[in-house]
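Visitor: One structure is given below, represented as structure tokens, and several questions about it will come after.
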Amino acid sequence: MSNSSITSVAYPTIGVVLLGGIANEKTRTPLHTSAGIAYTDSCGSIRTESTIYGDSEMHIYFNGTESKDENRSVKSVLERYRNELQSFFGKKDVSYSSLNYGILSGSSDAGAASIGAILSFIDKKNDIHDIENDIRMISESAGRSLHGGLTITWSDGYSAYTERVLGPEHFNNYAIVGFSFDYPRNPSDTIHQNIIKSKRYKQRTIDADEHAHEIKEMARTDDIEGIFEKAEEDTEEYHSILREVGVLVIRENMQKLIEFIKILRKEFWNSYIVTGGSNVYVIVRRDDLERLIHIKNTFGSKPKILNVAGPAWIKKVE
Ligand code: MEV
């Protein structure tokens, strides 16, 4: 008997060593090593859910709206696995539908990873790293969400490989508060296309690789604060290069919040990350969470409490 549908769940991501620059728009292979974490909230409700089901012809829906763009990479990935999908569902074709819930940024990684979990489930012979390479066509940092926890995606610009260095349970004593601002976000491709124009880009690729090696070493000794302090150093280098090439992610009120967060360091340990979106992610010890969440002035942003999340998983097979 064949199946009618599979539903999977994956979590969005935050860069820890930020990625800037991809080899080309088709494969989206990163030009350098990067690192990241998957995140959700305390009940796991921040997520992407994807369903793939047997159909007579392919339809692709994002948040309930059909995508008519023939170049969508979701279509290319499903076509690559067409034979396996056809035999699993016993139908001529498959359709895809994904829904995002409460995501601040990093949703495309979750969308891609939720497909990856399904491809891994339907044929156990599919190697997870081959799947990762394929779903990278949808999102360059999909490996972060596919594997969950803290991951490093090693890359030399030709081939990439994601290694999970810490599971989510290692972060239990820490919380992340995502402060979301209303500023419009720069598309990731604007970042990828412009950062490579910087005179400092070559050095940036070397620094990112070094930051990843340092983080791997700190992960070995569970030095979570060291990891996030390195992440802040990485954020500051990345955005100073982006500013020089005319891409402004950290806008006025985001900067004001960052300055305030740094003043709060006199009272309790914290660290911050800004990726490509209009959010400031602040990491604190769980014991200090109340002090951060109750700050009077958020500079117009809305705070959300986040945790490090696990890998993409299969929710339902029918
Ligand atoms: C990465 O795919 C996109 C950015 O958000 C940077 C990062 O998170 O590493 C722009």
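Visitor: So the check is Cβ under 7 Å with 6+ separation or different chains; which pairs have a first residue in the stretch 87-103 that's over 15 Å from Ile118 (Cβ atoms) and a second one that's β-branched (Val, Ile, Thr) and open to solvent by less than 40 Å² (accessible area, probe 1.4 Å)?
Guide: Pairs found: Asn100/Thr48; Tyr101/Ile46; Gly102/Ile46; Ile103/Ile46.
Visitor: Does any residue of the stretch 201-220 turn out to be touching a Gly at 6+ places or on another chain (Cβ under 7 Å), among the aliphatic types (A, V, I, L, M), open to solvent by less than 70 Å² (accessible area, probe 1.4 Å) and assigned to a helix (DSSP H, G or I)?
Guide: The answer is yes; a qualifying residue exists.
Visitor: What tally of residues in the stretch 1-51 results from selecting those that are within 23 Å of Gly310 (Cβ to Cβ) and among the acidic types (Asp, Glu)?
Guide: 2
Visitor: Could you please find all residues in the stretch 223-243 being away from the ligand (no atom under 16 Å from the Cβ) and surrounded by fewer than 21 Cβ atoms within 10 Å (Cβ to Cβ)?
Guide: Asp223, Glu225, Gly226, Glu229
Visitor: The conditions are (1) among the polar types (S, T, N, Q); (2) within 21 Å of Ile37 (Cβ to Cβ); (3) not in a helix (DSSP H, G or I), and Ser145 fails exactly one of them. Which is it?
Guide: Status for Ser145: all satisfied but (3).
Visitor: Ok, one more. What residue, among those in the stretch 142-157 that are in contact with a Ser or Thr (Cβ under 7 Å, 6 or more places away or on another chain) and more than 17 Å from Arg47 (Cβ to Cβ), is surrounded by the fewest Cβ atoms within 10 Å (Cβ to Cβ)?
Guide: For the stretch 142-157, the residue satisfying everything is Gly157.
Visitor: Okay, next question. Sort out which residues of the stretch 265-293 are hydrophobic (A, V, I, L, M, F, W, C), in a loop (DSSP other than H, G, I, E, B) and within 25 Å of Arg251 (Cβ to Cβ), and write them in order of number.
Guide: Correct list: Val274 only.
Visitor: Kindly list, by first and then second residue, each pair from a residue in the stretch 298-318 that is under 30 Å from Ile250 (Cβ atoms) and charged (D, E, K, R) to a residue that is open to solvent by less than 70 Å² (accessible area, probe 1.4 Å) and not in a strand (DSSP E or B), limited to pairs with Cβ atoms under 9 Å and residues at least 6 apart or on different chains.
Guide: Lys302/Phe181; Lys304/Asp41; Lys304/Ile46; Lys304/Gly102; Lys304/Leu104
Visitor: Quick one: which strands (runs of 3 or more DSSP E) sit completely within the stretch 1-104 and have at least 2 residues that are within 16 Å of the ligand (Cβ to nearest atom), within 30 Å of Lys202 (Cα to Cα) and open to solvent by less than 60 Å² (accessible area, probe 1.4 Å)?
Guide: 13-17, 34-40
Visitor: While we're on this one: Within the stretch 158-187, track down each residue that is assigned to a strand (DSSP E or B) and open to solvent by 60 Å² or more (accessible area, probe 1.4 Å).
Guide: Listed by number, the residues that qualify are Tyr161, Arg164.
The values are calculated or read from the model by the stated rules, or taken from the named source; none is laboratory data. Bear in mind the structure is a predicted one, so any value in this text is a computation, not a measurement. Counting neighbours? That spans all protein chains shown, and the Cβs are built from the backbone with ideal geometry, glycine included. Note: areas computed on protein heavy atoms with side chains; ligands, DNA, RNA excluded. Shrake-Rupley method; radii C 1.70, N 1.55, O 1.52, S 1.80 Å.
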